Every structure is written in structure tokens, then in C-alpha cells.
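Down below is the structure, laid out as C-alpha cells.
Nothing in this text is a laboratory measurement; each read-out follows from the coordinates by a stated rule. The model shown is predicted, which means the values in this text are computed figures rather than measured ones. Neighbour counts run over all protein chains shown; Cβ positions are idealised from the backbone, glycine included.
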Amino acid sequence: MKAIIIGFMGSGKTTVSRLLAQKLGCRAFDLDEYIVENERRSVKQIFEEDGEDYFRKREHELLLEILKEDAVLATGGGTPLREDNRMAMKNAGVPVILLEASSKETFERLQGDDTRPLATGLDETSLGNLKNQRRQAYEECADYAIKTDEMTPLEITEKISELL
Ligand code: S3P
């Protein structure tokens, strides 16, 4: 692994990981996409059919697999919630970068999205509360945090590559 990008839903992890991988000349991996490919069904379907615990189990197993790749990894928003995932990411020995958007920005970005079961139907306050509940877990495993509200994905990528 070259770098790991973490952050709440809608923080831009996937977009930035792709741009960073391009810049570094390596592959980008998206943990959610990897789960979807392996399960041959969407995140929404996995949650509906087998529940969140099953999703988290697969997320953990596939994280361990994917950490061996020489690539930039975008995790899911909930990946750092498990201590064993945080440990695995720390032990990968590469920078873990937290992307942080404000609750307002996050809410706007997730409007009308029905692919994320834990964000569907949440108003701005509830989404902000969920984000705050997760702050500690995110901060525990991040080496760097970037506030993204006023930045374009390219600017964020530039900033990360300066940190690597
Ligand atoms: C989740 C975030 C999602 C996905 C799943 C659960 C979460 O990933 O893993 O819907 O708990 O925050 P994104 O952050 O890529 O949306």
C-alpha cells in the first residue's frame, strides 16, 4: 500500500484516491467496490439481505486482503470503527489520511443518494451527529487530517502527495 484514505461518507475518498493513484502511477483500490465485486451485489443489497454485521465482517476480511496491494486505498466510511481494522491500517506502515468535510457540505453531497444505507433519510443534524460519533475512531488511526470544504479534489491530491 502507498497511502490509505479514510473519512466519513461523502468526504471524497474515492475521487481523491483515484487522482492520487494516477499521480503516483499505481492502482487505486476502493474497499466498497472490492466488497461489491466479491459479493456480486450492491452495498445496499448486502445490508438489506444479510445486515450490517455481515457487511462489517466482509469489510474486515477484504481489508486485510487488499492491504497487501501496492496501491492507494479508499476505505468505506465505517472501516475505522473496528479496532482490528484501525490496527491493520496502522500496521500497514503507510500514511493514513483523513478527509474531513463539514456536516453541511457532507449533507449536500449525500442528498438524493440511496446507495448508502446508513445515510439514507438522515437530516443534516443526524448526519452531523453520526459524523461526530465517529470522529475519535477516525482521529485514532489518521496520521494526517485535511479539511476539504474549500478545496478541489486536485488540490487535496496535491496536498497529500506533499505529505507522502
Ligand atoms: C459506510 C460507508 C460506505 C459503505 C457503507 C457503510 C459507513 O462507504 O461502506 O455504506 O458506515 O459509513 P463510503 O464512505 O464510501 O460511502
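Values computed for the structure shown
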read-out	value
Residue ID - nearest to PHE47 (Cα to Cα), chosen from residues in the range 106-157 that are away from the ligand (no atom under 13 Å from the Cβ) and touching a Pro at 6+ places or on another chain (Cβ under 7 Å)	CYS141
Residues within the range 134-164 that are under 17 Å from the mean Cα position of the chain (by Cα), of a type in the set (Asp, Glu) and assigned to a helix (DSSP H, G or I), tallied	2
Test: residue in the range 23-31 that is under 18 Å from PRO117 (Cβ atoms) and within 11 Å of the ligand (Cβ to nearest atom)	yes
Residue within the range 94-103 that is on the phi > 0 side of the Ramachandran plot and touching a residue at least 24 places away in the same chain (Cβ under 8 Å) present	no
Meets criteria (more than 16 Å from the ligand (Cβ to nearest atom) and either closer than 18 Å to CYS26 by Cβ or free of Cβ contacts under 8 Å to residues at least 40 places away in the same chain (or both)) for ILE160	yes
The range 95-115, residues that are of a type in the set (D, E, K, R) and touching a Phe, Trp or Tyr at 6+ places or on another chain (Cβ under 9 Å)	GLU100
Those residues of the range 1-41 which are in contact (Cβ under 8 Å) with a residue 60 or more places away in the chain and of a type in the set (Ser, Thr, Tyr), in sequence order	SER11, THR14, THR15
